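For reference, the structure discussed in these notes is given below.
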Amino acid sequence: MSCIYRRNGVWYMKTKTAGRWTYRSLGTRDKAVALRKAKLAEPKPTETYRLSDLVNDYTAWAVGRRAKRTVDSALLSLRYLRQGLGDLRIAELTPAVVHAWHAGLPYSPATANLHLAEVQGVVARAIRSGWWAGPHPFKGRVEPLRVPHTTPRWLTQEEQDRLLEVAAWYRRDMHKLCIMGLYLGLRRGEMDAAVWEWFDLETGLCHLGPVGPWRPKTEKPRTIPIAETARGLLLPYSGSGFVLYPTSTWQRNNYYRRNVTKSWKRLTREADLEWVTPHTLRHTFASRLVSAGVSIFKVSQWLGHASVQTTMVYAHLAPKDDDINALS
């Protein structure tokens, strides 16, 4: 059920789906144009609305409203859904069908759960925006896969020193990547986007923020103090532009400017640390700080976690707190 109405000369549309009203501007003062737009925006009948319609509607709605990373992630999950099930009608996404697709994804349980959450969210958006009449066919009725609890693995001091030593003679970009991971705790995407303009080596601060089309994961800039050791290691490399591979640019449909997989595998093989990934450097940064007694809150801020709860995975490393003796 929907109708149009005028406010301050502009036509709006209100739609009732699943007992809830949604409102949207039709962006015109012409009633005839407003009626045409409203007709196009009418919720699709349950029996005809398909996954391909959902992809088209979500893409048109999300571009400009959501970060590119968010849109790409949702569209990737929808693509996997269509590859597995074909162009089904949304009403055919029963809990049994979605569970079979979800359980059969060739990824870790954590990754499969993320894809399930993305698909649930996009279908919910279709109902809220009035693209489809609803109700949601499977939300809350498909159990996420059980994710085994694992403790992050990190480098010992000897392993860290060995990795840095090998990286220094192997390739300068790999050396800089290791420094940013081990001493600043940067994510892989942050290392790729890092520019020298972030680094104030004189005051010992790194001001991480947007670069070109790239945005931080939480969409918020942050400042990270640079340790004296890191300042000494970075100073000989300091310049302008990108820190890693300065001549590389972002390519369409690629999240990173440069794929470092081959270089990284060779580096870790030479250092006899083949289990290490670039994200292990971030774990090492956090683990060593917490072990040294730095507060979880500070570490969370430096890592750029949206919630301190994410950082609590390192809490068991905190040294003994003598305040417990107050009970004596």
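Observations on the model:
- For the options Y58, Y23, Y314, a Gaussian network treatment of the chain with springs between C-alpha atoms closer than 10 Å singles out Y23 as fluctuating the most.
- The chymotrypsin sites (Phe, Trp or Tyr not before Pro) of the range 251-292 that meet both conditions, a loop assignment by DSSP and at most 12 other Cβ atoms within 10 Å of the site Cβ, are W275.
- For the range 221-238, 3J(HN,Hα) per residue [Karplus equation, 6.51 cos²θ - 1.76 cosθ + 1.60, θ = phi - 60°, Hz, x = Gly/Pro]: x, 8, 10, 10, x, 9, 5, 3, 4, 5, 4, x, 6, 7, 3, x, 8, 4
- Here's the list of lysines a cross-link from K298 could span, going by alpha-carbon distance under 26 Å and ignoring same-chain residues fewer than 8 apart: K176, K217, K220, K320.
- Extension gain, R222 to T156: 0.36 nm times the residue separation minus the Cα-Cα distance gives 21.0 nm.
- The range 214-230 and the range 275-289 have Cα centres lying 16 Å from one another.
- Overall form of the range 43-146 per C-alpha gyration tensor (a/c, 1.5; a/b vs b/c): oblate
- Helix 261-270 axis, angle to the chain major axis (alpha carbon atoms, nearest 10°): 30 degrees
- Per-residue ³J(HN,Hα) for the range 93-100, Karplus 6.51 cos²θ - 1.76 cosθ + 1.60, θ = phi - 60°, Hz, x for Gly and Pro: 7, 6, x, 5, 5, 5, 4, 4
- The calculated 222 nm mean residue ellipticity attributable to helices in the chain amounts to -13500 deg cm²/dmol, summing -39500 (n - 2.57) over DSSP H runs of n ≥ 4 and dividing by all residues.
- Near the amide H of Y49, within less than 5 Å, lie the amide hydrogens of I90, all on another chain or at least 5 residues away, with H placed in the peptide plane.
- Helix 51-62 axis, angle to the chain major axis (alpha carbon atoms, nearest 10°): 70 degrees
- T70-E202 pseudo-label distance in nm [points 7 Å out on the Cα-to-Cβ vector]: 3.8 nm
- Counting only alpha carbon atoms, the long axis of helix 278-291 and the longest principal axis of the chain meet at about 70°.
- Relative exposure of F138, F297, judged by other C-beta atoms within 10 Å (fewest first): F297, F138
- Residues with amide H under 5 Å from that of L205, placed H, sequence gap 5 or more: D200, I226
- The residues R29, R258, when put in order of fewest to most other Cβ atoms within 10 Å, stand as R29, R258.
- Exposure proxy ranking, count of Cβ atoms within 10 Å, fewest first, for H136, H149: H149, H136
Bear in mind that the values in this text are calculations on the coordinates, not laboratory data. Here the structure is a predicted model, which means the values were calculated and not measured. Here Cβ is always computed from backbone atoms with ideal geometry, including for glycine, and neighbour counts include all displayed protein chains.
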